[in-house]
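Just below is one structure, and these are the notes that go with it.
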Amino acid sequence: FDYVISYLKEYFMADIDIKALSKNSGYCVDHFRTLFKEKTGLSPKEFVLNERLKNAKHFLEDQSLSLERIAEKCGFQYYSQFSLFFKKKTGLSPSEYRKSLS
């Protein structure tokens, strides 16, 4: 599972096919999800979303990146999706979070 975790950390911004990932790991999807949660404490989807949030916070420190570009770099097709996700997780919009850093 170290490979899977490394893969998810590297490709968090991509559309991850959990079925293909589980198959490539040699497990059926349900067993893969169970083992993944035992190992990380999170479902694969939650793990990817946490990686997106962690990276978004890091990207928001860079004032030269637009909020739309950050959303894109974090795997969101639309800024509005990113903004709603970010606010739900942090209680702040991305712009409010960025302002709180200064």
* For every other residue with a beta carbon closer than 15 angstrom to the beta carbon of L84, add +1 if it is Lys or Arg and -1 if Asp or Glu, then tell me the sum. => +2
* Accessible area per residue of region 11-65 at 1.4 Å probe, in Å²? -> 64 Å²
* **Karplus-derived 3J(HN,Hα), 6.51/-1.76/1.60, for each residue of region 73-87, Hz, glycine and proline x** => 5, 9, x, 9, 6, 10, 4, 4, 4, 4, 4, 5, 4, 4, 5
* Asked: Counting only protein heavy atoms and using a 1.4 Å probe, what share of the accessible area of region 21-100 belongs to carbon plus sulfur, as a whole percent?
  -> 49 percent
* Structure fact -> Over the chain, the sum of -39500 (n - 2.57) across DSSP H runs of at least four, divided by residue number and rounded to 500 deg cm²/dmol, gives at 222 nm -21500 deg cm²/dmol
* To do: Give me the angle, in degrees from 0 to 90, between the Cα long axis of helix 29-40 and the longest principal axis of the Cα atoms of the chain, rounded to the nearest 10.
  => 60 degrees
* To do: Would you work out the relative contact order for the chain, in percent, from Cα pairs under 8 angstrom that are 6 or more residues apart?
  => 22 percent
* **Cα lying deepest toward the dipole's positive end in the chain, options G91, S80, L60, charges on Cβ** => G91
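Percent relative contact order of region 50-102, based on C-alpha pairs within less than 8 angstrom and at least six residues apart?
30 percent
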* Measure out, as a whole number of angstrom, how far apart the alpha-carbon centroids of region 1-68 and region 73-99 sit. => 18 Å
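The values are calculated or read from the model by the stated rules, or taken from the named source; none is laboratory data. On a predicted model such as this, the values are computed, not experimentally measured, just so you know. Every residue, glycine as well, gets a Cβ built from its backbone with ideal geometry; the counts of neighbours run over all protein chains shown. Heads up: the accessible areas ignore ligands, DNA and RNA and are worked out on the full protein's heavy atoms, side chains in. Shrake-Rupley method; radii C 1.70, N 1.55, O 1.52, S 1.80 Å.
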